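S.K.: Here it is, the structure in full.
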Amino acid sequence: MLQCITPAVRLSGSIRMPGDKSISHRYAMLAAIAEGASRIRNYSTGADCASTLGALEALGVRIERQAGELVIHGCGLEGLQQPRVTLDAGNSGSTMRMLSGILAGQPFLTRIAGDESLSRRPMDRIMRPLEQMGARISAREGRFPPLEIQGAPLRPIEYELPVASAQVKSCVLLAGLYADGVTVVHEPARTRDHTEIALREFGAQVEVRGRRIAVQGRPQLKARELSVPGDLSSAAFFLAAALLAPESELVIEAVGLNPTRAALLDFLISQGADIGVLRLEQQAGEPVGDLLVRHSELRGGCLEGELTAALIDEIPVLAVLGAASREGLLVRNAAELRIKETDRIATLAENLSRLGVRVEVAPDGFQVPGGQRFRAAELDSFGDHRIAMACAVAALAAEGESLIAGAEAAAVSFPEFFDLLAQVTC
């Protein structure tokens, strides 16, 4: 699909984001192994979260899709059934990595695969701890999907994450639900804590002390009625577009403002972004609020260490802002970008170059000098949803009409993206 983007004078009005993708995955998985029927409103409309639902249904979970909400009839910890087919995670690394933790505790063999892109993404980071807990896992070349997971009675472990990863942490904690005793994860840097919050909401015993997270095995999880906050990672593209376009004043309603995700707002505000919180409340342990963003001139800056880990998903669109800022953007410690849906360092650099933006690439990051202008170009998502949306933001600031090939990739996380963008741009 070719998407045409014309320059924007401003973004204005009020919009709502689809449900947070990270939270949607977790609510669905926990609802599936809870007892009773959970109602989940504003579940993510993205293809990744649909992959999670499809996999759960193949495991025997009954899911009703009603107007604006899901009803997931939980099977309890012991109620999942051996699937008759290979589970299809699609393009969703979250589905494969987190669901594998639950599959490791089942008394049957499960095969889980994904699309071509996911099949190139290594899974050894989850395989190692799950095998320590007692599961047997085989993979193509010892680390790539598809995975065959022979579940088993699991034993608790104390595990040091070699690299900060919310998905790997979540995988181990979900497996810990099936272990007799306390499973502990130590993370080298703080990552998003949606799993810990959701586990508590469903009735699990979770203890967090700094970067040490412990979960008590064999809990009796109870069904819940929950509403998924708007996705801040999706909102990042609208925040960036409004910051770039002159005369912009945009309200983004009911966005999740979890402190482990709010590093995006902290970073942008530290660079001079005019962003305010109009309303703040708690929903099932997650802070939710309305954001007001106005056009701003940004200074630019540096992402490295823990900040890079916290903003890893937002780096493509932050690079666009960096090119337009005064001082540019330097990104270090971002080798993780090389093994996302695409090699995002390479695909981002390619598209920025087409836009006339200078970028210097390093093995674990890149530098984009500031004060640059965007020229109209033919861009390519390379099948990556975040690259597609970052290209759209850059094209709004280009001097002329741009085309994005493979724009349909945005539907992986945000099917409404281009319609919403057209709704608020002038």
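S.K.: So which of PHE414, PHE374 is crowded, with 21+ Cβ neighbours inside 10 Å, touching a residue at least 12 places away in the same chain (Cβ under 8 Å), out of contact with any Lys or Arg (no Cβ under 7 Å at 6 or more places or on another chain) and farther than 30 Å from LEU118 by Cβ?
M.R.: The match here is PHE374.
S.K.: Kindly indicate the residue of the range 183-214 that is charged (D, E, K, R) and in a helix (DSSP H, G or I) and also surrounded by the most Cβ atoms within 10 Å (Cβ to Cβ) among those meeting that condition.
M.R.: GLU196
S.K.: Here's a follow-up. Could you tell me which numbered condition GLY400 fails, if it satisfies all but one of (1) under 19 Å from GLU297 (Cα atoms); (2) more than 27 Å from the chain's Cα centre (by Cα)?
M.R.: (1)
S.K.: For GLN220, which of the numbered conditions (1) under 19 Å from GLU196 (Cβ atoms); (2) assigned to a strand (DSSP E or B); (3) out of contact with any Lys or Arg (no Cβ under 9 Å at 6 or more places or on another chain) fails to hold?
M.R.: (2)
S.K.: Follow-up. Any residue in the range 111-131 that's under 16 Å from VAL168 (Cα atoms) and touching a residue at least 12 places away in the same chain (Cβ under 8 Å): show its pairings with residues that are aromatic (Phe, Trp, Tyr) and part of a loop (DSSP other than H, G, I, E, B) at Cβ separation under 7 Å, as long as the two are six or more apart or on different chains.
M.R.: Listed by first residue and then by second, the contacts come to nothing, as the list is empty.
S.K.: Among helices (runs of 4 or more DSSP H) lying entirely in the range 271-365, which contain 3 or more residues that are touching a Ser or Thr at 6+ places or on another chain (Cβ under 7 Å)?
M.R.: Passing ranges: none, list empty.
S.K.: Restricting to the range 69-105, and then to whatever is surrounded by 21 or more Cβ atoms within 10 Å (Cβ to Cβ) and polar (S, T, N, Q), can you tell me which residue is modelled with the lowest pLDDT?
M.R.: Filtering the range 69-105 for residues that are surrounded by 21 or more Cβ atoms within 10 Å (Cβ to Cβ) and polar (S, T, N, Q), the one modelled with the lowest pLDDT comes out as ASN91.
S.K.: Could you tell me whether the range 155-167 includes any residue that is under 18 Å from the mean Cα position of the chain (by Cα), closer than 17 Å to MET29 by Cα and of a type in the set (A, V, I, L, M)?
M.R.: Taking every residue of the range 155-167 in turn, at least one turns out to be under 18 Å from the mean Cα position of the chain (by Cα), closer than 17 Å to MET29 by Cα and of a type in the set (A, V, I, L, M).
S.K.: Write out, first by first residue and then by second, each pair whose Cβ atoms fall under 8 Å of each other, whose residues are 6+ apart or on separate chains, and whose first residue, in the range 242-266, is without any contact (Cβ under 8 Å) to a residue 40 or more places away in the chain while the second is assigned to a strand (DSSP E or B).
M.R.: LEU257/VAL277; LEU257/LEU280; LEU257/PRO287; LEU257/VAL288; LEU257/GLY289; PRO259/PRO287; LEU265/ILE275; LEU265/LEU291
S.K.: Can you tell me which residues in the range 106-122 are in a strand (DSSP E or B), surrounded by 17 or more Cβ atoms within 10 Å (Cβ to Cβ) and not aliphatic (A, V, I, L, M)?
M.R.: THR110
S.K.: Out of ALA398, ALA390, I need the residue that is farther than 30 Å from THR52 by Cβ, crowded, with 18+ Cβ neighbours inside 10 Å and small (Gly, Ala, Ser). Which one?
M.R.: On inspection, the qualifying residue turns out to be ALA398.
S.K.: Restricting to the range 1-39, give me the number of residues that are assigned to a strand (DSSP E or B), surrounded by fewer than 22 Cβ atoms within 10 Å (Cβ to Cβ) and among the aliphatic types (A, V, I, L, M).
M.R.: 3
S.K.: Please find, among GLY276, GLY289, GLY356, GLY365, the residue that is buried (at least 21 other Cβ atoms within 10 Å of the Cβ) and not assigned by TED's automatic domain parsing to the domain that holds SER165.
M.R.: Answer to the check: GLY365.
S.K.: What residue, among those in the range 123-182 that are of a type in the set (Ser, Thr, Tyr) and assigned to a loop (DSSP other than H, G, I, E, B), is surrounded by the most Cβ atoms within 10 Å (Cβ to Cβ)?
M.R.: Ranking the candidates gives TYR178 first.
S.K.: So which residues in the range 344-353 are among the hydrophobic types (A, V, I, L, M, F, W, C) and surrounded by 24 or more Cβ atoms within 10 Å (Cβ to Cβ), if there are any at all?
M.R.: ILE345, LEU348, LEU352
The values are calculated or read from the model by the stated rules, or taken from the named source; none is laboratory data. Just so you know, these numbers come straight off a predicted model, no measurement behind them. Using ideal geometry, Cβ is built from the backbone for each residue, glycine included, and neighbour counts are taken over all protein chains shown.
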